[in-house]
1. For residues that are open to solvent by 70 Å² or more (accessible area, probe 1.4 Å) and either touching a residue at least 12 places away in the same chain (Cβ under 8 Å) or touching a Lys or Arg at 6+ places or on another chain (Cβ under 6 Å) (or both), tally how many sit in the range 21-30.
2. Show me the helices (runs of 4 or more DSSP H) entirely contained within the range 261-347 in which 1 or more residues are within 16 Å of ligand 2 (Cβ to nearest atom), at pLDDT below 95 and out of contact with any Pro (no Cβ under 7 Å at 6 or more places or on another chain).
3. For the range 123-147, which residues satisfy the criterion of being touching an Asp or Glu at 6+ places or on another chain (Cβ under 7 Å) and either under 19 Å from Gly41 (Cβ atoms) or open to solvent by 10 Å² or more (accessible area, probe 1.4 Å) (or both)?
4. When you check Ser305 against the structure, is it among the hydroxyl-bearing types (Ser, Thr, Tyr) and farther than 30 Å from Gly205 by Cβ, yes or no?
5. Return the total of residues in the range 135-185 being within 15 Å of ligand 1 (Cβ to nearest atom), under 13 Å from the mean Cα position of the chain (by Cα) and either assigned to a loop (DSSP other than H, G, I, E, B) or aliphatic (A, V, I, L, M) (or both).
6. Could you list, in sequence order, the residues of the range 67-80 that are within 23 Å of the chain's Cα centre (by Cα) and open to solvent by less than 10 Å² (accessible area, probe 1.4 Å)?
7. Kindly establish whether Ile236 is among the hydrophobic types (A, V, I, L, M, F, W, C), surrounded by fewer than 18 Cβ atoms within 10 Å (Cβ to Cβ) and in the same structural domain as Ser156 (by TED's automatic domain parsing).
8. Return the total of residues in the range 81-122 being under 20 Å from Gln326 (Cβ atoms), hydrophobic (A, V, I, L, M, F, W, C) and surrounded by fewer than 24 Cβ atoms within 10 Å (Cβ to Cβ).
Amino acid sequence: MVILGIESSCDETAAAVVRDGIEILSNIVASQQELHKIYGGVVPEVACRAHIESITPVIEEAINLSGLTFENLDAIAVTYSPGLVGALLIGLSAAKTLAWRYDLPLVAVNHIEAHVYANILDGHAVEFPAVALVVSGGHTAIFDCLSCTEIHLIGSTVDDAAGEAFDKVAAMLGLGYPGGPIIDKTAKNGNPKAVDFPRTNLKKGEFDFSFSGLKTAVLYHVKGQNAKVKTAMPEINERDLADVVASFQEAVVDVLVKKTFAAARKTRSKCIVLGGGVACNSRLREKFRQRSEQTGLPVYWPKLSLCTDNAAMIAGLAFHHLQAGQVADLSLDVNPTPIRAAQSSRS
Ligand code: KG4
Ligand code: ZN
């Protein structure tokens, strides 16, 4: 069964063709990073315009590279939730048009569930129940996963997403955008113990996160008493800068690792899976690897190209929806809001 997946929830226009939920025949991603760079973050209006320009050529390229034609497809899959409403609508309109034109089933895929599925798509022997940590520019959440299509939210950020904190701290320090990869690289030359930044453990919601206090702590550390005054950041030498970002990164990673392992313990999970752009972070991977060795609990993460936003994970997961008879119709609408905790948790 061959499925075309379409993804446009944030700042990547992507299309991919995947066979039987596992064999990637093509995986095209048009990133808008350069367009958003000057704003230091994703601007929804700019994202939508870029999606409109890219969606058709990206889909055509994915089909051409797969060596197949639209007539060979068995279904069209699309991200319908969560994300930027205008951005989601562009992918959904393209998917509906193709499903109607080629008389194919339309499969609605949740972007977050697809990030979890990326681990299976990448060939990892994921056993359920599993705990998933999805960390990106828009999301930081822990899920209790009973199967690849049954996932329940058990914790999320109450303010900034982890990737957003990376991006905002990098912007504050004048390091550029997106901040995650730059901080990751810069931190390699720094001492993660140089500054003791706060690790926020919320009293309510044991698996919830908060990163805005940490971001403010970095600001106060660098600007001192002048932090509230709108003045330029003081000059900071390379060594101190590396120490500050390494210590910031360590604080983010510590909380993510601690809470994810605690969730896995509580849900008696057989493994942990990671997903989203921040799961590319080298220190995060190193610390998860260390804890995995200490506890004997397997931790998996997809290769870089499947960690960040892509459509192969959408087409891959759609295969399982289709097998379960979960097909949408042409009245399908987008749902920009993330999965809610109210959807239940077995823990
Ligand atoms: O999943 P993604 O590609 O897009 C969504 O936000 O959905 O994630 C992008 C986020 C950005 O905030 C970026 O700074 C962060 O992932 N990121 C990283 C790294 N690579 C990307 N954060 C920390 N370390 C990295 N190596
Ligand atoms: Zn994502």
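1. Counting residues in the range 21-30 that are open to solvent by 70 Å² or more (accessible area, probe 1.4 Å) and either touching a residue at least 12 places away in the same chain (Cβ under 8 Å) or touching a Lys or Arg at 6+ places or on another chain (Cβ under 6 Å) (or both) gives 1.
2. 304-307
3. Passing the criteria: Pro129, Gly137.
4. yes
5. 8
6. Selection gives Ile76, Ala77, Val78, Thr79.
7. Here the answer is yes, as Ile236 does meet what is asked.
8. 7
The values are calculated or read from the model by the stated rules, or taken from the named source; none is laboratory data. What you see is a predicted model, and the numbers here were worked out from it, not measured in a lab. Methodologically, a virtual Cβ is constructed for each residue, glycine included, from the backbone with ideal geometry; neighbour enumeration extends over all protein chains shown. Note: areas computed on protein heavy atoms with side chains; ligands, DNA, RNA excluded. Shrake-Rupley method; radii C 1.70, N 1.55, O 1.52, S 1.80 Å.
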